[in-house]
Structures are given as C-alpha cells and as structure tokens.
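A short write-up of the structure that comes next.
The values are calculated or read from the model by the stated rules, or taken from the named source; none is laboratory data. All of these numbers come straight from a predicted model, not from anything done at the bench. As a convention, Cβ positions derive from the backbone with ideal geometry for all residues, glycine included, and neighbour counts pool all protein chains shown. Note: areas computed on protein heavy atoms with side chains; ligands, DNA, RNA excluded. Shrake-Rupley method; radii C 1.70, N 1.55, O 1.52, S 1.80 Å.
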Amino acid sequence: FPDRHDEFAVSLLDTLAETVGPDQVGSILRKQWQRKAIEYRQRLGGGSLKERVEQLVEIRRAEGYMAEYYPVDETGAEIAVGDRYILTEYNCAISQIAESYPSVCGHELEMFAIALDCRVERTHWLVEGEHRCGYLIQPK
C-alpha cells in the first residue's frame with residue numbers, strides 16, 4: 001500500500017500557514033516538540049547519560065529513524081567509553097516536512113536537550129545535503 005503520510009502532513013501545515021499564518025504554525029510545531037520532549041523524558045527515566053542515550057536511540061528506531069550512537073572524545077574521535085556521544089540518524093521520518101518547514105529541526109535539538117537534560121549540538125544535517133543527521137550530546 002502506498003504511504004503518503006508525509007504529503008498529507010506537509011499539505012496540512014501549508015493549509016494551516018495559509019489560514020492562521022506562518023508564525024502560528026511555528027508556535028504549533030514548537031508546542032508539538034515540547035510535548036514530545038516531555039514524553040521522551042518520562043520514557044528515558046533518570047539513568048546515566050549513556051543509558052538515556054541508548055534508550056533514546058531505541059525510541060527513535062521504533063519511530064522509523066535508523067539511529068545509532070557512539071562515545072567520542074573532545075576532538076570527536078570515536079572512543080570505547082566516555083560521557084560525550086554522537087547520535088546519528090541515517091534517515092528521517094519527517095524529511096519531507098523538514099524540507100518545507102526546516103524549523104522542525106531546530107525544535108528537534110531543543111527536544112533532545114530537554115529529554116536528555118544535556119547540551120545538544122548539530123554536527124550533520126540531511127536538509128543541507130548530508131547523508132545523515134548527527135548530534136553531539138554532552139553533559140551540561
């Protein structure tokens with residue numbers, strides 16, 4: 001069966017933007033990511049940062065993202081153990097939405113930071129033509 005969820009979502013956002021304006025759509029998207037951050041935070045619990053990142057990867061996989069993580073040192077080189085991680089997603093379940101509404105990606109950064117209670121920086125971005133989205137995750 002064809003899957004046209006993305007087309008419907010983009011069309012719905014376009015209709016909302018025409019109806020209530022782009023600023024209101026931005027507020028709606030921000031609120032959606034805030035709700036998702038709270039949901040993730042509850043599901044991740046209070047374990048170590050490594051445990052929370054592992055759990056987030058599993059959640060994201062279940063949502064249709066091909067996600068993985070690995071610890072890195074201060075230079076970004078992969079190491080065996082550490083407290084800084086690269087979270088990588090090789091596909092994006094919302095890529096069509098992100099192409100039309102790239103602000104959702106900024107909200108995603110905020111969502112990860114709230115859910116994990118840490119600092120998150122973008123290292124790679126599919127919207128800019130890269131082959132993956134990447135995030136540096138580290139304690140506050």
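Just a few scattered comments:
- For the chain: accessible area per residue (Å², 1.4 Å): 59
- Cβ charges +1 (Lys, Arg) and -1 (Asp, Glu), total dipole of the chain, debye: 520
- Amide H contacts for Thr123 (H built 1.01 Å from N in the peptide plane; partners 5 or more residues away or on another chain; cut-off under 5 Å): Gly134, Tyr135, Leu136.
- Distribution of pairwise C-alpha distances over the chain, 10 Å bins, in %: 11, 40, 34, 13, 3, 0
- Positive minus negative residues near Gln96 (Lys, Arg vs Asp, Glu; Cβ under 9 Å): -3
- Portion, in percent, of the accessible area of the chain that falls on carbon or sulfur, probe 1.4 Å: 51
- Stretching His124 away from Ile28 to a fully extended chain increases their span by 32.0 nm, per 0.36 nm per residue minus the current alpha-carbon distance.
- Of Glu78, Glu51, Glu18, the residue with the greatest mean-square motion in the GNM of the chain, using alpha carbon springs below 10 Å, is Glu18.
- Kyte-Doolittle mean at least 1.0, axial Cα span of 24 Å or more - DSSP H helices of the chain: none
- For Arg84, the residues whose amide H sits under 5 Å from its own are Val72, ignoring neighbours fewer than 5 places away on the same chain, with H placed 1.01 Å from N.
- Most mobile of Ala113, Ala37, Ala77 in a GNM of the chain (Cα contacts under 10 Å): Ala77
- Under the Karplus curve 6.51 cos²θ - 1.76 cosθ + 1.60, θ = phi - 60°, whole-Hz ³J(HN,Hα) for the stretch 85-102, x wherever Gly or Pro sits: 9, 9, 9, 10, 10, 8, 9, 10, 5, 10, 4, 5, 5, 4, 5, 8, 9, x
- The orientation-averaged projected area of the convex hull spanned by the Cα atoms of the stretch 1-77 comes to 7.9 nm².
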